[in-house]
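Have a look at the structure below, then the notes.
Read the figures in this text as sums done on the coordinates, not as results from a lab. Predicted, not measured: the structure shown is a model, and the values here were computed from it. Every residue, glycine as well, gets a Cβ built from its backbone with ideal geometry; the counts of neighbours run over all protein chains shown.
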Amino acid sequence: MAKCYILASISNVLQQQMQDVGLALDIMLSLKEMFGEQGHSARQETMRQIYNTKMAEGTSVKEHCLRMISNLNTLEVLGADIDGESKVDMILQSLPESFKEFKLNYNMNKKIYSLSELINELVAAEGILGTSSVDANLAEASTS
């Protein structure tokens with residue numbers, strides 16, 4: 001049954017090549033040999049995107065986190081094994097200087113967040129940072 005599903009989901013050319021293979025496992029191993037290298041390069045490209053992604057000041061932290069999580073999920077689909085704390089660390093590393101105090105608090109208090117908790121905390125911090133920068137601009141304008 002598994003062999004039939006596999007053959008039905010691949011191209012006609014591959015179907016003809018795999019028709020005489022006896023077991024579904026053998027088909028899977030053969031396909032992995034043929035296309036496994038593409039997964040490796042896709043994993044490297046996704047990893048590069050994660051390391052090079054930096055959130056720009058003034059953009060939405062929620063959207064940035066969701067983009068990062070999407071890339072992290074892609075990595076897992078491609079075979080990477082990344083623990084939850086490392087995912088959180090990667091996202092925190094990509095944040096701008098305005099989140100410096102948040103990161104300091106995270107490290108000093110040895111916080112442990114799931115990805116959804118991290119997003120909620122960062123959105124709350126963004127709200128605080130947004131109002132404090134508005135207050136600072138108002139105070140600066142009133143003194144000048």
With springs connecting C-alpha atoms under 10 Å apart, model the chain as a Gaussian network and identify which of Ile69, Ile27, Ile50 has the largest mean-square fluctuation.
Ile27
If one takes the longest principal axis of the Cα atoms in the chain, at what angle in degrees, from 0 to 90 and to the nearest 10, does the Cα axis of helix 115-143 lie?
30
Principal-axis tilt of helix 24-52 within the chain, Cα atoms, nearest 10 degrees:
20
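Which value, to two decimals, describes the C-alpha radius of gyration of segment 1-64 once divided by 2.2 N^0.38 Å?
Numbers: Rg = 19.2 Å, N = 64, 2.2 N^0.38 = 10.7 Å.
After normalising by residue count via 2.2 N^0.38 Å, the value is 1.79.
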So, with points 7 Å from each Cα along the Cβ direction, the Asn12-Ser86 label distance in nm works out to 4.3
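Counting every Cα pair in the chain, what percent are over 24 Å apart? List each step's numbers first, then the result.
Details: 5415 of 10296 pairs.
When every Cα pair of the chain is considered, 53 percent fall beyond 24 Å.
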